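Here is the structure we will look at.
Derivation of every value follows stated rules applied to the coordinates shown; laboratory data play no part. Here the structure is a predicted model, which is why all the values come from computation and not from measurement. No Cβ is skipped: glycine too gets one built from the backbone with ideal geometry, and neighbour counts run over all protein chains shown.
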Amino acid sequence: MGRHVIAKVSQKALLNNLQQVQRLAPQSKILAMIKANAYGHGLIPVAKALKSVDAFGVACIEEALRLRQAGIKTDIVLIEGIFRPEELELVQAFGLTVVVHHWAQIQALQNYRELPLQPFKVWLKINTGMNRLGFPVAEFDVAWRKIIEMPQVTLLGFMTHFPNADQTEHDLTQQQCVQFSQLIGERPGQKCLANSAGVIAWPQSHADWVRPGLMLYGASPLPKVSAASLNLMPAMQLCSEIIAIQTVNPEECVGYGGTWKNVKNSAKIGIVAIGYGDGYPWHAKNGTPVLVNGQRASTVGRVSMDMLAIDISALPQVKIGDPVMLWGDGLPIEEVAAHAGTIPWELFCRFTERVTVQVIL
């Protein structure tokens with residue numbers, strides 16, 4: 001009953017996409033990135049669907065605790081580490097793994113009041129060019145020595161991040177791989193470099209672990225490579241329905257600001273129950289594609305808080321209640337993102353509580 005804006009998430013697609021990661025990086029363990037509510041797909045359902053992976057990556061301890069409280073026993077890595085020293089109590093209590101990327105985090109580990117029952121499991125992050133998180137190359141050796149000197153810490157390995165792996169013609173990623181390898185040298189520990197773009201485009205970066213994100217959800221991280229060509233299946237279908245149909249006369253406009261004017265004899269406009277209050281992008285341009293009963297139509301006028309308008313003049317059989325897909329099978333989110341001047345990651349993560357996430361087989 002009521003308003004139906006549903007994000008249908010397919011377990012089959014998630015598992016297919018995981019298989020593509022395994023096919024591309026068969027020798028690597030998989031750290032599946034499920035931060036930000038699993039990129040909008042539902043943290044707990046996605047974790048349960050991907051239970052065979054070696055570890056899950058989350059942004060913060062709140063996400064990790066939700067997983068543990070749901071009975072998820074898989075290793076969980078705090079990709080941004082701890083934010084405050086007192087979080088180490090929860091790290092210890094729930095058996096979490098921590099990425100250490102800053103001196104304050106090393107100090108918190110050093111100041112932990114007593115030897116823990118189990119050593120803290122730690123990844124050491126190095127900044128090789130992203131300039132976001134990680135110890136600068138010049139400080140790496142000192143940070144490494146501080147970590148290995150602590151009896152309360154077990155160093156699992158080393159991690160870095162690629163800013164330009166989606167740009168296959170750019171040589172920074174190759175330079176980062178070489179620098180990372182030279183920096184680690186013969187130090188014992190596992191290595192983790194590749195994000196989704198690294199998994200697909202830079203096999204030399206696969207190392208002991210890969211940490212796919214976007215590709216698990218069936219979208220391509222490479223601007224010139226389609227998800228279908230990578231055998232990825234869209235895990236989400238964002239669906240709503242037609243709630244009204246208007247006939248618009250010549251020279252009349254649709255929506256706020258009159259940004260779309262009818263230049264036909266008359267136009268048939270369908271009103272869809274979804275808007276920026278649900279997370280659909282306000283800045284989607286005229287002509288952004290949707291599927292109505294599996295057939296293409298395009299948005300017209302500005303997106304409203306609760307609704308958007310589409311031109312269904314070429315679809316005379318459309319009626320109130322007919323289903324509308326905003327992205328999913330047959331309509332890649334990458335295409336929608338391009339029309340909206342944004343990226344698939346943002347669209348996935350924009351949902352509000354009005355959108356019902358529904359897991360399907």
Next on the checklist: Between segment 99-118 and segment 22-92, how far is it from one alpha carbon centroid to the other, in angstrom?
Outcome noted: 20
Next on the checklist: I want the local charge near Arg145. Using Cβ-Cβ distances under 12 Å, sum +1 for each Lys or Arg and -1 for each Asp or Glu among the other residues.
Outcome noted: -1
Checklist outcome for this item: Mean separation of Cα contacts under 8 Å (at least 6 apart) over the residue count of segment 49-180, i.e. the relative contact order in percent, is 18
Checklist entry - With contacts defined as alpha carbon pairs under 8 Å and 6 or more residues apart, what's the relative contact order of segment 114-266 in percent? => result 14
Item to check | Relative contact order, percent, the chain [alpha-carbon distance under 8 Å, six or more residues apart] | outcome: 19
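Just subtract the alpha-carbon distance of Lys264 and Lys12 from 0.36 nm times their residue separation and send over the number in nm, one decimal.
On the way: separation 252, 0.36 × 252 = 90.72 nm, distance 4.33 nm.
Here the answer is 86.4 nm.
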Item to check | Residue (of Gln204, Met307, Gln11) at the positive-pole extreme of the chain, dipole from beta-carbon charges | outcome: Gln11
Checklist outcome for this item: If one compares the long axis through the Cα atoms of helix 11-24 with the longest principal axis of the Cα atoms of the chain, the angle in degrees, nearest 10, works out at 50
Checklist entry - Once every DSSP H run of n ≥ 4 in the chain is given -39500 (n - 2.57) and the sum is divided by its residues, what mean residue ellipticity at 222 nm do you get, rounded to the nearest 500 deg cm²/dmol? => result -7000 deg cm²/dmol
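Please go through segment 63-122 and write out the chymotrypsin sites (Phe, Trp or Tyr not before Pro) that DSSP classes as loop and that have at most 15 other C-beta atoms within 10 Å. Working shown, then result.
Numbers: sites: Phe83, Phe94, Trp103, Tyr112, Phe120; in loops: Phe83, Phe94, Tyr112.
Those that pass, being in a loop and sparsely packed, are Phe83, Phe94.
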Item to check | Estimated dipole of segment 159-214 in Debye, rounded to 20 [Cβ of Lys and Arg +1, of Asp and Glu -1, Cα centre] | outcome: 200
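Can you check what the net charge comes to around Lys191, using other residues whose Cβ is under 12 Å from the Cβ of Lys191 (Lys, Arg +1; Asp, Glu -1)?
On the way: positive: Lys29, Lys125, Arg187, Arg211; negative: Asp208.
Net charge around Lys191: +3.
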Checklist entry - Roughly how many whole Å is it from the C-alpha centroid of segment 228-261 to that of segment 127-190? => result 45
Checklist entry - Once the other residues with Cβ under 9 Å from the Cβ of Leu133 are scored (Lys, Arg +1; Asp, Glu -1), what is the net sum? => result +1
Next on the checklist: Tell me which trypsin sites (Lys or Arg not before Pro) from segment 25-79 have a DSSP coil assignment and no more than 15 other beta carbons within 10 Å of their own.
Outcome noted: Lys51, Lys73
Checklist entry - Against the longest principal axis of the chain, how steep is helix 172-184, in degrees 0 to 90 to the nearest 10, with axes from Cα atoms? => result 20
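In what sequence, highest mean first, do 218-231, 272-285 appear when ranked by Cβ atoms within 10 angstrom?
Averaged packing, sorted descending, gives the order 272-285, 218-231.
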